1. Expressed in nm to one decimal, what extension gain is obtained for the pair Q227 and E208 from 0.36 nm per residue of sequence separation less their Cα-Cα distance?
2. Using the Cα centre of the chain as the reference point, and only Cβ charges (+1 on K/R, -1 on D/E), how large is the resulting charge dipole? Debye, rounded to the nearest 20.
3. If I stretch the segment between E322 and E127 completely, what's the gain in nm (0.36 nm per residue apart, minus their alpha carbon distance), one decimal?
4. Mind giving me the FRET efficiency for E112 and E42? R0 is 22 Å, r the Cβ-Cβ distance, nearest 0.05 is fine.
5. Between R274 and E61, what length in nm is gained on full extension when 0.36 nm per residue of separation is reduced by their alpha carbon distance?
6. So if we plug the beta-carbon distance of V154 and R27 into 1/(1 + (r/R0)^6) with R0 = 25 Å, what FRET efficiency do we get, rounded to 0.05?
7. Residues of region 222-238 with the amide nitrogen closer than 12 Å to a label point 7 Å from the Cα of S255, along Cα-to-Cβ, please.
8. Percent antiparallel among DSSP beta bridges with both residues in the chain, to the nearest 5?
Amino acid sequence: MRELLPDLERWRTRGERVALARVVATRRSAPRPVGSKLAISEGGELAGSVSGGCVENEVYEAAREVLRGGEPRLLTYGISDDLALSIGLPCGGEIDVWVDEPDPDLLERLAEVVRRDDRAVVLTDLESGTQRLLGEGEDGHADALLRGGHSKIVELEGRRVFADVFGPPPRLLVYGAVDTAEALCAAAKAIGWHTTVADARGKFATRERIPSADELIVAWPEETLAQVQPDHATAIVVLTHDDKFDVPLLVGALSGEAFYVGALGSRRNQERRRERLLEAGVDEGALDRISGPAGLDVGAHSPAETAISILAEIMAVRAGREGGPLRQASGRIHAEVS
């Protein structure tokens with residue numbers, strides 16, 4: 001949605017009405033994930049994409065019809081193998097696309113949510129076309145959808161509803177401003193995540209050493225956690241190899257909602273750290289949340305390879321995947337995460 005904002009603002013300034021097409025469901029391989037959007041102005045301009053090009057023209061015509069007074073509609077497109085190959089896919093798929101003319105006030109409220117990196121969900125009834133925008137804390141069902149983190153069709157009060165989830169990008173907190181921290185930040189930023197690196201040692205946590213971090217914090221572990229306030233969309237990685245940093249950071253991380261908590265170190269070091277955490281009062285069951293040694297078994301050696309291994313494990317945990325070879329996976333290749 002963020003990439004559409006400049007065009008939406010330009011069209012609004014000109015007084016043009018806007019139709020919006022959204023991918024609400026996919027089956028098999030699909031060109032774009034659920035939640036992808038194509039905006040069409042009253043003047044005929046386009047922004048965004050729902051299919052990478054193969055059905056865009058048909059969606060455009062449906063949107064133009066909606067702007068001429070037609071009813072909102074749910075469209076289903078089968079992507080043929082030939083079309084799929086032409087846009088770089090190995091096999092065909094099927095997508096459901098909802099096309100409507102959103103209420104201008106709702107669209108402006110949504111734009112403000114996106115600008116502020118707030119969390120909200122837009123609920124669209126796929127029969128009546130009615131829409132509601134609910135912010136975090138306004139509704140229990142909406143909060144559960146926000147915690148789930150991805151857009152999908154749900155049933156609410158016996159109605160099929162598309163829940164379009166909006167929120168800030170996932171966050172990565174790295175404690176320990178070492179070379180692997182820079183490599184982790186560079187990789188995470190490449191996929192759109194917000195990155196923070198913290199260290200109590202000011203000479204380590206410098207912009208010269210960690211240029212890729214969105215934020216640099218010079219603070220002890222407890223102060224860092226109080227400042228960052230990790231939530232359910234935060235991954236935490238500890239790289240310091242020093243009990244005076246590792247133990248308090250992990251104690252604090254395990255008391256919060258971070259979806260991933262990882263720590264570097266040999267298996268022997270992990271066992272020794274485990275004893276220190278038990279001594280610090282951490283429940284033995286909570287220790288199972290720690291991914292240590294952090295990362296997938298890909299034979300990493302260099303800091304950059306180690307960073308890719310760790311980030312791959314973080315992504316697998318976020319998607320609820322095992323992280324093994326795709327050829328051995330029985331589910332869909334593309335996970336539905338936002």
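1. That works out to 4.6 nm of additional length.
2. I would put it at about 700 debye.
3. Once the chain is fully extended between E322 and E127, it gains 66.5 nm.
4. Result of the calculation: an efficiency of 0.50.
5. 70.6 nm
6. About 0.90, to the nearest 0.05.
7. Those under the cut-off are 222-223, 225-226.
8. Of those bridges, close to 65 percent are antiparallel.
The values are calculated or read from the model by the stated rules, or taken from the named source; none is laboratory data. Not measured: the values here are computed from a predicted model. A quick note on method: Cβ atoms are made from the backbone with ideal geometry, for glycine too, and the neighbour counts reach across all protein chains shown. Areas reflect the complete protein model, heavy atoms only, side chains present, ligands, DNA and RNA absent. Shrake-Rupley method; radii C 1.70, N 1.55, O 1.52, S 1.80 Å.
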